[in-house]
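First up is the structure itself, then whatever we jot down about it.
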Amino acid sequence: MAQQPWWRNAVIYQVYVRSFADGNGDGAGDLIGLLEHLEYIASLGVDGVWLNPCYPSPQMDHGYDVSDYFDIEPAYGDLDIFDQLITRANKLGLRILMDVVPNHCSDQHAWFTEAVAAGRGSKERERFWFRDGQGVNGELPPNNWMAVFGGGAWSRITEPDGTSGQWFLHTFTPWQPDFNWLNDDVVDYFDRMLRFWFDRGVDGFRVDAVTVVGKHPDLPDAPSITGAVAETDAWAFNPYTVFWPSAHDAWRHWREVVNQYEIDHPGRELVTVSEAYTPGKPDLLLRYVEPDQFHQSFTFDLLLSPWNALSLHKAAARSYQALHDAGATLTWALNNHDAHRVVTRYGRADAHLTSSWTGSNLVNSDAPVDLELGHRRARAAALLILGLPGAAYLYMGEELGLPEVLEIPDSARQDPIFARTEGREKGRDGCRVPMSWTTDSVNLNGFSTSSSAKAWMPQPEGWGSFSVEVQDYDCKSMLALYRQALSFRVDMVKQGEAIEFVGDGTDGLFSFTRGSYAVVVNTSAEAVEIPHEIMVGRKLILGSLPEAFSRVDESSLIAGNSAVWLG
Ligand code: NOJ
């Protein structure tokens, strides 16, 4: 069998730089902090690290508002430290992936300020979506499009002569103007950007918000929405940008750039992974991983599934069938910097119900949370995604079982979603609370090198109890489970990428076989007997709970809310 590219079954550890480790004592994470904790990441047994955007940025959306794609945010470090990071990471066997934001930049990006200054009809404005407003004096937005983070998708500028002028399109916030991908300057700019970072040793990119990059060139009004839809979900019903096909021309072009780079630099094997939410629509997901587009695209269906075997089975099976049959790889995640952390999601009293989800990645439930139950289920889910074929992305702190921090004072909230919806939606700060390294609250549980730093987002009371220090030598800890699973996964991957689902989840079990291995997840509260066809000839390799070990061997029973690997 031909050697598979490294990324095909890779495990990537996602680092939200701002929240990982503060090396300069200012209360926010940075590259020095990351550099000093690379050994820890390597100790998990992962293949690479994905860095959330760390380019210069006014931080209105914490780096997803880039003002210069060719440099490092000064508060995080500089290009020299970045180069040291790559060298050190590579020595430890870790690849570095960056995050590229093609849909929009910051309103402080030189191109945008130049566009405002250059005036109507200029070639500078062609790089964005500037339009005259409607109404007698152009006082109404050019169309009815809604922004992802609340409010309308258009803002009006003041022209250089001081008059109210044209409007510009921003799919997210007014601080993030959308690029016009029909413009050649934009295409060339990103070609240069990709090569610039590949030249520095970056092995790939996570590509932000790919589904909204295309736009109908005439920008027609979106059809009106029937039925009740949350304010921050309205944008998703706009067919003139969401999944608008012209974006795929850009992705095909990027693949050519990447392929050419590999030809010109023998030995380099690069990866691009697209962020496209396509819940329940594997045919749409498939379009992003056609052989001439992205190498991977997140399979978010599991992240968006409630905790019940029927739904998990459906989510995994439909993605698997579509992608595996087409020869594409699956790319799983349970967490990321936009979603409520899995421990809290699964700990909710209504975690098993589809109605507890909005269909987007924000939780629509304020049911009480049982964290112990959430942890138990999250441990099982870890064995699930690490047992499935394909790549897995872990979000920092997931291996510690960090919960979502729900009690953040409004005055401390920083996610633009909170401000743009005037507090109606709390936003994503709760999954971005700085890491817990030690029990020493003086230096923010080991997060900061300074004993007087104030964390950019406050850590709650007792955060140290989840710390690496507490879990490192505890063989029953979540951290120990992740390390064990990642080490046993090497053999799991050797079983190949073909799996067979057993049952459909109605008995509370989500099960599949993979070569001589099998994975069984029991989402019900009660112990359930593992079907004979799975059990026969197999014994326990790894269980999500210490107490599940003996029970499965002796009686084929799998404990409630747990998972096992058999082989
Ligand atoms: C998706 C990113 O994951 C999110 O954090 C960001 O706010 C938006 N795209 C806008 O770039």
Checklist entry - Rounded to the nearest 0.05, what FRET efficiency do residue 487 and residue 226 have when you use their Cβ-Cβ distance and R0 = 60 Å? => result 0.70
Item to check | Pairs from 314/539; 91/494; 215/314; 281/426; 91/281; 281/476 whose Cα-Cα separation, in the structure shown, is over 30 Å | outcome: 215/314; 91/281; 281/476
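Whole number in Å², please: accessible area per residue of the range 444-567, 1.4 Å probe, ligands, DNA and RNA not counted.
44
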Item to check | Accessible-area composition of the chain, carbon plus sulfur, in percent [1.4 Å probe] | outcome: 51
Next on the checklist: Strictly greater than 13 Å: what percent of every Cα pair in the range 393-450 meets that?
Outcome noted: 66
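Rolling a 1.4 angstrom probe over the protein heavy atoms, how many square angstrom per residue are accessible across the range 208-314?
40
Equivalent ellipsoid semi-axes for the chain, as square roots of 5 times the alpha carbon gyration tensor eigenvalues: give them largest first, rounded to whole Å.
That gives 39, 26, 25 Å for the three semi-axes.
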Checklist entry - residue 159 to residue 216: FRET efficiency via 1/(1 + (r/R0)^6), r the Cβ-Cβ distance, R0 22 Å, to the nearest 0.05? => result 0.25
Checklist entry - Which value, in Å², gives the accessible area per residue of the range 39-153 when a 1.4 Å probe is used on the protein heavy atoms? => result 36
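Quickly rank 378-390, 222-234, 189-201 as a protection proxy: mean count of other C-beta atoms within 10 Å, highest first.
Sorting 378-390, 222-234, 189-201 by mean packing, highest first, produces 378-390, 189-201, 222-234.
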Checklist entry - What is the Cα convex hull volume of the range 20-177 when expressed per residue in Å³? => result 133
Next on the checklist: Calculate the FRET efficiency for residue 199 and residue 140 from the Cβ-Cβ distance with a Förster distance of 41 Å, rounded to the nearest 0.05.
Outcome noted: 0.35
Checklist entry - How do the peptides 400-411, 259-270 rank, highest first, by the average count of neighbouring beta carbon atoms within 10 Å per residue? => result 400-411, 259-270
Item to check | Distance (nanometres) between label positions extended 7 Å along Cα→Cβ at residue 269 and residue 90 | outcome: 1.6
Item to check | Antiparallel DSSP beta bridges within the chain, percent to nearest 5 | outcome: 55
Next on the checklist: Per 0.36 nm of contour for each residue apart, how much would the distance between residue 407 and residue 290 grow if the chain were fully extended, relative to their Cα-Cα spacing?
Outcome noted: 37.9 nm
Checklist entry - For the chain, what is the mean residue ellipticity at 222 nm derived from helices alone (per DSSP H run of n ≥ 4: -39500 (n - 2.57); sum divided by total residues; nearest 500 deg cm²/dmol)? => result -8000 deg cm²/dmol
Next on the checklist: Which residue, 566, 530, 510, has the largest displacement toward the positive end of the dipole of the range 499-566 when charges sit on each Cβ (Lys, Arg +1; Asp, Glu -1)?
Outcome noted: 566
Checklist outcome for this item: Quick calc, the chain, dipole around Cα centre from Cβ unit charges on Lys, Arg (+) and Asp, Glu (-), nearest 20 debye, gives 1060
Item to check | Compactness index (Cα Rg / 2.2 N^0.38 Å), the range 499-566 | outcome: 0.96
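The values are calculated or read from the model by the stated rules, or taken from the named source; none is laboratory data. Not measured: the values here are computed from a predicted model. Glycine also receives a Cβ, built like all others from the backbone with ideal geometry; neighbour counts cover every protein chain displayed. Heads up: the accessible areas ignore ligands, DNA and RNA and are worked out on the full protein's heavy atoms, side chains in. Shrake-Rupley method; radii C 1.70, N 1.55, O 1.52, S 1.80 Å.
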